[in-house]
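Working notes, structure below.
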Amino acid sequence: MTDERDGLQHGADTCITCGDVAVTLTVVSLDGVDAVCRADDGGTEVIAVELVGPVAPGDRLLVHAKVALEKLA
Amino acid sequence: MRFVDEYRDPELARSLARRVAERVDPQRHYKLMEVCGGHTHAIYRYGVQDYLPESIELVHGPGCPVCVIPMGRIDDATVIAEDHPEMILTCFGDLMRVPGGRGSFLDARARGADIRVVYSPLDALRLAVEHPERHVMFYAIGFETTAPSTALTLQRAKAERVNNFSVFCNHVTIIPAIKAILDSPDLRLDAFIGPGHVSTVIGNRPYEWIARNEGLPIVVAGFEPLDVLEAVAMIVDQLADGRAEVENQYARVVRDEGNPVALRAIADTMTLRPWFEWRGLGSINHSALQLSERYAEFDAELRFDVPGVRVADPKACQCGEVLKGVLKPWECKVFGTACTPETPIGTCMVSSEGACAAYYNFGKAARQRVELKVKA
């Protein structure tokens, strides 16, 4: 849950606060009000999807700070 | 990789560069401000400037929220964390090295405060649920991209009645910052590259006054190198045609209306502050968010005594001028010498999206070229 690395940057050269690290993830399955999503590198994460409406497996989402901001066309 | 590879194609980049070169007026100097720190980072990481004619100057704006946080707000949270042994202060990792008057969060952690890095405010909320004997405070920071995650977390905290959780809110809004930049007498701009992910939330319409009242083009852009290059090409087209419009280069993500659900979540949980101090820009009216009355029980500034100390920036630091685009990072007196990413004096050197850090990490070649040009 928490990141105790003392590199303290989320990735070598990105800043989560600015929002440019919003990433595209693919919905794998639904988990209550959340969705399990997969990144292109194969990693998975539980993402809150209330702000983008109903989602289905295969949907591509723009995600920032574990919250989906937009469903991609 | 979809949505990535097609926006980093060198041949497409050269094609866009040719389009820009064909349309620029060789007698004219163009000053384009990229509002968002993410664009600054992309420009120097990928060498976008090298594809553009010398007459196009990219000016870095104030859109890095870590960079505009005043030192006093770091100190306020540090005091809360150190004065309450039950406290777990949580924040994004970027914030840990931001210097305050009493040192950084890293320094406070070394002194014994329990300060932890999280990826999401939802992680902070889960921490509160898992540790009912502790109080978890989330240091919320960011523009409208980040505010929805805080808003959603607050809604969940209220629904789940998590009463050992609070938010120290420092969310800021982009439009007042752009207005402050335009009011600055030191800077004359020709156009803006608009922030892509902020616009995912607020949409394109809030920028219409820039085109209508200021007569300046603004093109909302994504963060891949071809996104930025295409945005520059669209701006040059507008200027060559005598147009000033809001255009959306990032249409694969950004809708004109933004995300209304996210905007409603923000409106439910937060309200505009009368004023907020921005590092480098000073106090700007209605430029930041605080928790709404409905969520007062989660407002750290109401639950705890906040010193509200105002700390002057170090005299040697010229972050203010850099944030307004008046100075280039390397023109700061301490850039790369006393102030480096390892030992930052100013916040612009802390965040990787800060203009100084972007130059330091990726822009040395460009800086040398410009220095040579000046000498010639």
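The values are calculated or read from the model by the stated rules, or taken from the named source; none is laboratory data. For clarity, every value in this text was computed on a predicted model and none was experimentally measured. Glycine gets a Cβ as well: all are built from the backbone with ideal geometry, and neighbour counts include every protein chain shown. Ligands, DNA and RNA are stripped out before the accessible areas are found, and what is left, the full protein with its side chains, is counted by its heavy atoms. Shrake-Rupley method; radii C 1.70, N 1.55, O 1.52, S 1.80 Å.
The table below lists the values:
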quantity	calculated
Condition check for residue B:144: buried (at least 22 other Cβ atoms within 10 Å of the Cβ) and of a type in the set (D, E, K, R)	yes
Residues of segment A:39-73 satisfying the condition of being in a loop (DSSP other than H, G, I, E, B) and within 22 Å of residue B:156 (Cβ to Cβ)	A:49, A:53, A:54, A:55, A:59, A:65, A:66
Count of residues meeting criterion [touching a residue at least 40 places away in the same chain (Cβ under 8 Å), open to solvent by less than 10 Å² (accessible area, probe 1.4 Å) and not acidic (Asp, Glu)] in segment B:71-80	3
Odd one out for residue B:307, checked against (1) at pLDDT 95 or above; (2) farther than 28 Å from residue B:193 by Cβ	(1)
Residue within segment B:206-225 that is among the charged types (D, E, K, R) and either at pLDDT below 95 or closer than 17 Å to residue B:147 by Cβ (or both) present	yes
Qualifying position, being farther than 23 Å from residue B:73 by Cβ and within 14 Å of chain A (Cβ to nearest Cβ), among B:177, B:191, B:221, B:211	B:221
Identity of the residue in segment A:18-38, outside any strand (DSSP E or B) and at pLDDT 55 or above, that ends up surrounded by the fewest Cβ atoms within 10 Å (Cβ to Cβ)	A:32
Residue list for segment B:229-266, filter: without any contact (Cβ under 8 Å) to a residue 12 or more places away in the chain and within 14 Å of chain A (Cβ to nearest Cβ)	B:251, B:260, B:261, B:264
Looking only at segment B:147-165, and only at residues there that are surrounded by 24 or more Cβ atoms within 10 Å (Cβ to Cβ) and within 18 Å of residue B:289 (Cα to Cα), the one that is nearest to the other protein chains (Cβ to nearest Cβ)	B:149
Flag if residue B:316 is part of a loop (DSSP other than H, G, I, E, B) and surrounded by fewer than 19 Cβ atoms within 10 Å (Cβ to Cβ)	yes
Qualifying residue in segment B:207-222 (condition: part of a loop (DSSP other than H, G, I, E, B) and closer than 20 Å to residue B:8 by Cβ)	yes
Selection count where residues are open to solvent by 40 Å² or more (accessible area, probe 1.4 Å), modelled with pLDDT of 90 or more and more than 8 Å from the chain's Cα centre (by Cα), scope segment A:39-53	2
Residues located in segment B:327-352, provided they are assigned to a loop (DSSP other than H, G, I, E, B) and among the charged types (D, E, K, R)	B:328, B:333, B:342
Subset of segment B:31-67 (residues that are β-branched (Val, Ile, Thr) and either open to solvent by 10 Å² or more (accessible area, probe 1.4 Å) or under 24 Å from residue B:173 (Cβ atoms) (or both))	B:35, B:40, B:43, B:59, B:66
Enumeration of residues in segment B:269-297 that are closer than 18 Å to residue B:63 by Cβ, among the aliphatic types (A, V, I, L, M) and assigned to a strand (DSSP E or B)	B:284, B:288, B:289
Lone unmet requirement of (1) under 22 Å from residue B:177 (Cβ atoms); (2) open to solvent by less than 30 Å² (accessible area, probe 1.4 Å); (3) of a type in the set (Val, Ile, Thr) for residue B:246	(2)
Candidates B:52, B:125, filtered to the one that is farther than 26 Å from residue B:180 by Cβ, within 14 Å of chain A (Cβ to nearest Cβ) and of a type in the set (A, V, I, L, M)	B:125
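Table: residues versus (1) at pLDDT 95 or above; (2) open to solvent by 10 Å² or more (accessible area, probe 1.4 Å).
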{"position": "B:86", "(1), (2)": "yes, yes"}
{"position": "B:93", "(1), (2)": "no, no"}
{"position": "B:101", "(1), (2)": "no, yes"}
{"position": "B:105", "(1), (2)": "yes, no"}
{"position": "B:109", "(1), (2)": "yes, yes"}
{"position": "B:123", "(1), (2)": "yes, no"}
{"position": "B:137", "(1), (2)": "yes, no"}
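For (1) open to solvent by less than 30 Å² (accessible area, probe 1.4 Å); (2) modelled with pLDDT of 90 or more; (3) aliphatic (A, V, I, L, M), each residue gets a yes or a no:
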| site | (1), (2), (3) |
| --- | --- |
| B:295 | yes, yes, no |
| B:303 | no, yes, no |
| B:333 | no, no, no |
| B:337 | no, no, no |
| B:342 | no, no, no |
| B:354 | yes, no, no |
